[in-house]
Every structure is written in structure tokens, then in C-alpha cells.
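What follows is a set of notes on a single structure, which appears directly below.
What follows draws every value from the coordinates through simple rules; no lab data is involved. As the structure is a prediction and not an experimental result, all values here were calculated from the model. Note: ideal-geometry Cβ built from the backbone for every residue, glycine included; neighbour counts use all protein chains shown.
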Amino acid sequence: MDVLYICVILSLIQGLSATCHFPGAPAHSRVTFSDETLTEGTIASYECERGFELLGPTRRACGANGKWAPDGIPFCVLNVAAGKAPMQASTEDGGVPQRALDGSTAASFNAETCTLTKAERVPWWYVNLLEPYMVQLVRLDFGKQCCGANKPVIVVRVGNNRPDLGTNPICNRFTGFIEEGQPLFLPCNPPMPGAFVSVHLEASTPSQLSICEAFVYTDQALPIERCPQFRDQPPGSTATYNGKCYIFYDRQPASFRDALGFCRSRGGTLVDESNPALQGFISWELWRRHRSDSSSQYWMGAVRDPQDPANWKWVNGNDVTVSFWNAPGGGEGCARFDGSKGWLWADTECQARLNYICQHQPKACGRPEQPPNSTMSADSFEVGASVEYSCDDGHLLVGPTVRTCLDTGFYDEFPPVCKRIECGFPAEIPHGSYELINGSISYLSHVQYDCEPGYEMVGRSRLVCDIDERWNGPPPRCDVVQCEDPPQIANGRVYISHNTSVFGSVAEYSCGRGFKLVGTKRISCLATGLWDKPAPNCQLEERPTTTPVPTSTAPVTTTTAPPPPTPTSPRIVLPTRPRTSPRPLSSPTPFATVTSEPPRRLRPKPTTDRPTTRTYERPPERKTTVPDNQDSPTSHIPHIIVASHPRENQIVGSGNNIRAEQTPRVNVPQPVDGERRDPVGARLNIGAVVALGAFGALVFLIAIITTIVILVRSRKQNDCKRYRHHVSPDCNTVGSLDSSSSESRSGLNRYYRQAWEELHEAAGAKHAHRRHEREAPKDGSELVVSDVYPAHHARDKRRHHHHHHHREPRHPDWHSPHRPPHNHKPRY
């Protein structure tokens, strides 16, 4: 059990341990790992290819923080100063400048292996590399101590100008004491190109400069190990220059043709090109190899043109454009490097047996450098092969992604770099949030923004960490969702919270007075930009009104008569008397209660009870004509329908009251002959009674109608103690007339006379009655008097009306009783 527990703990620790990325490898090197997963504790070991020297740590370890220690990647470099041409300011005690490049070093000054100058103000030493190199590091092993108690300054310069002038760029400088036999490393950061590397000693007093050994390192050089290797070639016979290998054969002389055939058989050729740098390289190598034998001769790959003896051609067929002849010579057909002439050119006989130099192209470029945090893939490193680079997540590849090995033994591009890029955490936005898609804020990481419900995004929702260590755009913003304005409704209004239609807003509906709300009172703006419910509507309130049944026990007499002939006379619509109790209307304004004089008692007439309950939906029309009820027992008796005219202080078609201080409107009646006239709205006030004489005919007719109403109400006082809301036609019957024209005419005239006598008595209270009556709605209550006349009696009735029209022409409440018979429903 304990063993299992320990195994679980170890596995958890291993799972939580840090992981390192690739540590990086220099060119011409190979790196191996103790654990391919690169977890914490992994050891990376470095080694260089043949011909290169490892500078820096050979082992690095993956730490708990995911980084390699020690810092810094080692180098696999080549000393390009060995065997090259040095020079110094002066020489003392045999300390020639070549001793700094002899390959031997010592822990102390030795005149046999170290250089030495005379005491000078600024002594110098330099080496000619014979071709430009990318110098990465300079190592100096000093001989004698210098400068006593004063700290000198060592300056290293790299360039292509004359080194003794001190004008080349500075690679590095060191200020401090120089210790005997101790090396001093001065890196060039970044690497600097140049064919001359010089060392300058700057001291306060004249001093001597002594160097036991100098190293100029670069990884951009072709090592001799990549050159062809043959068993029969002499040791140390190979040298490289500008990406080519040169093998010096000095032990087996041959004729020009044999020497050329031998080099070609091994994949090379005789030297078939020329330029000052190459000429200097070859001269130096030949001088270095034959210091004691200056009479040596070497073939070169140039022949005289058979077509033009004055012209020379290379063995590859190209013309010789740059030459280094010692003298024009004679007429020989071949050329050689002449040691007796300082290794300049000379023509010679082609059958002579001379030494020769074979020139070869390298076969491979070697393993290129691989930057940290990267992956490199390649099938091979031979000439023509390509390698491809890619960087780990969160890193940007700066440089080429593909490099190709050239026939010079070098790659066509500089190595790339994987640069770690971090953009920092994204900005917070109000009413929103973000999510790191890759879980990091490094290069090419994505961040996704989202808005809270009820908000919509304006801008880009996803951003990417860019090369400039910034997110590739500004953060978006979250704007509140907008709904359309809530629908307006008829006879109502809507109130919106916050005064704007945005998410969360509530629209509250209400209806005007006299209307009720049907539907949802409140609707809300949703996150989708829509309202959650449809808008309600306002409908007219339905208020049932019930008129109490009168408690009178007066006997009711019903008169039955044979059916009358077709009525030919018009119905007279007369206004009823004002009521003594208020009744509710659709209008919210309450009605006032007006008490009128008790009407005169009239002769009782037979009546028939009818239902008195009715529901109103709108204010009644000003005049209502009700057709005869053929089923009624009194339907055969002609009767007059006395309708509810607009009361004195009531506006036609409105349920609102007119206050005492307002002037009521008076409706102009239709003419007696049935033709319609436009209503004239005259205003009636307290002095209207005085002006009755100005409206003679109208005043007279209105007085008659008012008197008839008073008489009828008095007549029915015994039968109906109290008028109901919807009065029965039988209860309001003024009189029942037989079909005799004389009785009808005399009975009707009797009522007119009585109405005229009541006019003056009712004039005093008329104004108060009108104000109260106009506050009551026109409910269609009527006093019905069957008035069916033969056709020849209609003329008498019109003449009777005309007679009264001339007698009293100024009544303002006249309404035409003569209207074509048709049905009107109550209107509100």
C-alpha cells in the first residue's frame, strides 16, 4: 500500500514538473538529451563536428522554471587565423609576428613562441585572413605583463581597411591589467565581417605588446575535414579558401596533361580562376610550405589560346581576364606558379614535370544552427539539400524558414531566430468578458470577447497577438440592445422606464377614461431586441345600468284596437323631463342632480309595461326614431314618439357634463317638411331667455315640445312614480287616439294649448333644467304616442305647425319633429 502511494505521488510530481523547450544548438554541432521529453532535470550535451572547436558549456540542465542552465549556447567555431599572414608595429628580441600564429602557447613569456614589439605609444599587431570572415570571437594569450600600476586598454578591430591606421570598426575593448600567460576572450556581438583583425594597446606611457597566441574564431568557415580525403595525399596538404578545397601535391611531379587528368579523376581540377585575394592565398600557402625552397614550381590550369597566341584561356574554356605574370615570357603553351619570382606567373613548356594543386568543391554544408524554442527538419546536409525551421507556440520566427546548402559548403541564408512575443493581458470591457483561447498571451495567441446578455458587440470579437507585441486591434465594446419603440395604442398611452427602449426597459400601458385595458399592461425589452409580449388595446367600457322598477300599484289599462292603416304622418320626437336622480355614464365626470317643478297632472292613458334594463356602449344619438311595435296591444292606435332630445346643458353625442360656467350648445332642428338643414350651434347662457324673441319659430316649437313633455310626465305621475332609465313606451304614452281624424286633431290641439299655457310657468326653471338634462346621456327613452293619420290629415298637421311657427318664432331649442320614419339605435 505504501509503495502504491509513493508511486502515485511520484507520478503526480512528474506530471507537475516543468518542461523545457529546445535549448538551441550551434552550427556544426550535435546535441543529445538524457530525457527526450525535456522535463525538469534533463541534461543536454554538446559536441562539435570534426575541425571545429567547442567554446562554452558542454552540458546544460533543464531547471524547475522551465529554463536551461547555465545561460548561453556554446559555439562550434574554427580558428581562421592559423597559417595566415600577420604583421606588427615593430619587432624586438626576435619576437616576430608569425609566432602569434604558430599554434603553440605558453603559460609565461617565451621568446621562441611569443611576439614582442618595442615600447611605443600605441603598439599594434594584426593578421590578414586573406578573405573576409564573419568574426565572432577573438582570443588573445598575452606574454609579458604591461603597464605597471596603470590600467591599459586593449582594442580589437575587424574590417577590410589598413589595420595599422586604426580605422576599422571596433569589435570589442577591454580595460584592465594584462596578466602573463592568461587568455582574454573578446567576442564580437554581433559578428563582424572583415579580412583584417588588429589588436591595439592604448596605455598612458609607451609600452610593449607581446602576444603568445591569437585566435580568430568563426563558424562561417569551411573546415578541411569537409574536403576530400585521399590516402596518398600528403599530411597537411589541404587548405580551404572561399568555400573551396585546395590540395597541394608536392611529392609526385607530373606533366601538365597528367596533372590535369589526375585532379579530374578525383573530382577536381587544376586552379582555373584568379583574383587578387585568391592569388594572395595561394602565394601565402606556397610560401608557407616552401620557405627553404624558393625554386619550387606548380602547375596552374591556364593554356595559351591556339587561335590567338596572345590570349590565354583557363582549362574550363573561360578567358583569363586577371593575370599576375612576372614577365611576358616566350612562346610556351602552359603556365606555372614560379617560386623564384615570388609565386607569380610564368609560361613554361607543357611537357615539364612540376608539382600541381588540385581544386575541389565541398560535398556538404554540415549541420546548420538551430535556434532555441524551434524545430528543424532536414533529410540531409549535403549540397542541394534544404532544411526547414518552425518555432514553438508563443514565438515568432525572425528570418528564413528554409535554408539550402550551396556548392560552396555554406547555406544560402543566415540562421533564423525564434523570438518570444507576449502582448500582455487583454483589456477588460464593460458588460463583457474575454477568454484566452490558447491559454497564453504569447505570439499568435487568440483572445475571444463576449458580451453579457442584453448587450451586443461592436467591433472585432477575436484578436490575435501580433509581431509588435500588441493585440492586432482595439478591444470591442458592448452596447446595450435596442428595441424598437413600443407600439402606440388607440385611446391609450405608454410610459417607458428610463425614457429609452433598451434591454430591461419596461413599457407600461394605460387607457383613457371610459376605456379598459385588454391584454398585458407591461411589456419588457428582451435581450433579442424584441418585446416579450404584444401590445394591449383599449376597449370601451361596458357598464350595465339598471333602472329600478317603479313600486306604484296604479292599475294599468290596455286598449286593444284593430290594426291601423299604414302610417303616413311623421313621428314627433319630444324631449323628456329631467330626471331627479343621476345615472352613471361612460364618461368619468359625474352628473349633477337637478330638481324640477312637478309637472301638471294629465289625464291617465292606458299603458303597457316593458323591460327597463339596457346596456349602453356609446352615447345615444340626438334623436332616435323607434318603429311601431306590431306585437303590442296598442300598435293599432296612432301614437307620437316623444324622444329624448338633448337636454339643455348636454352636448350631443358626448357623455360629459357642461359646468355651470360653460355655455351649452343648442342643436338646430330639421325643417318641418323633412328636408335636412345644417345644424347651427348657438350658445345659450343666462340671457338666452331674454333673446327668445329673436328666434320666433324655433322658440315656439321648442316651447311646444317642452310643454308636451311636462304634460306627459304629469299625466303619468300616478302610473309611474319614478321614471326609469329606459322608460316603457306604455308608461310614457301621452294619449291613445282613435282613427278619427277629428278626435286626433282636437286631442293634439288640446295638448298644444296646455303646453303653451305651461310655457311661461316653465320658462323660469328652464335654464336649470337644461343644464342638468344635458349632463345626462341620451339613452333613447321615449314617450310614444301612436300617431297614424290618413294621408289627407297630414296637411292639417303641417298647417298647425306652421301656425305655431309664426306665433312664436324665437325658441332656440326647436328640433324638427318631422323626419322620415327609420330606425335609429342608441349611439354613445
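Laid out as a table, the results:
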item	result
Pair ASP71, CYS350: separation of 7 Å Cα→Cβ label points (nm)	6.6 nm
5 angstrom amide H check on TRP343, placed H, neighbours 5+ away	ASP338
Whole-Hz ³J(HN,Hα) from phi, Karplus 6.51 cos²θ - 1.76 cosθ + 1.60, for the range 58-69, glycine and proline x	8, 9, 9, 10, 7, x, 5, 8, x, 10, 8, 9
Per-pair calculated FRET efficiency, R0 = 22 Å: ALA18 and SER461 via Cβ, rounded to 0.05	0.05
Sequence ranges 211-218, 179-186, ranked by mean other-Cβ count within 10 angstrom, highest first	211-218, 179-186
Label-point separation in nm, HIS446 to ARG288, each point 7 Å along Cα→Cβ	5.9 nm
Charge context of TRP284, other residues only, Cβ under 14 angstrom, K/R +1, D/E -1	+2
Cut-off 14 Å between beta-carbons: net charge of the residues surrounding ARG477, Lys and Arg +1, Asp and Glu -1	-4
Residue-count net charge about GLY330 - beta-carbon cut-off 11 Å; Lys, Arg +1, Asp, Glu -1	-2
Computed label-point distance, nm, for sites THR500 and ALA277 using a 7 Å Cα→Cβ extension	7.2 nm
Peptide ranges 137-147, 439-449, 257-267 listed from the most packed, as the mean C-beta count within 10 angstrom indicates	137-147, 439-449, 257-267
Cα-based shape type of the range 248-294, given that a ≥ b ≥ c are square roots of the gyration tensor eigenvalues and the cut on a/c is 1.5	oblate
Sorted peptide list for 367-374, 249-256, criterion being average Cβ within 10 angstrom, highest first	367-374, 249-256
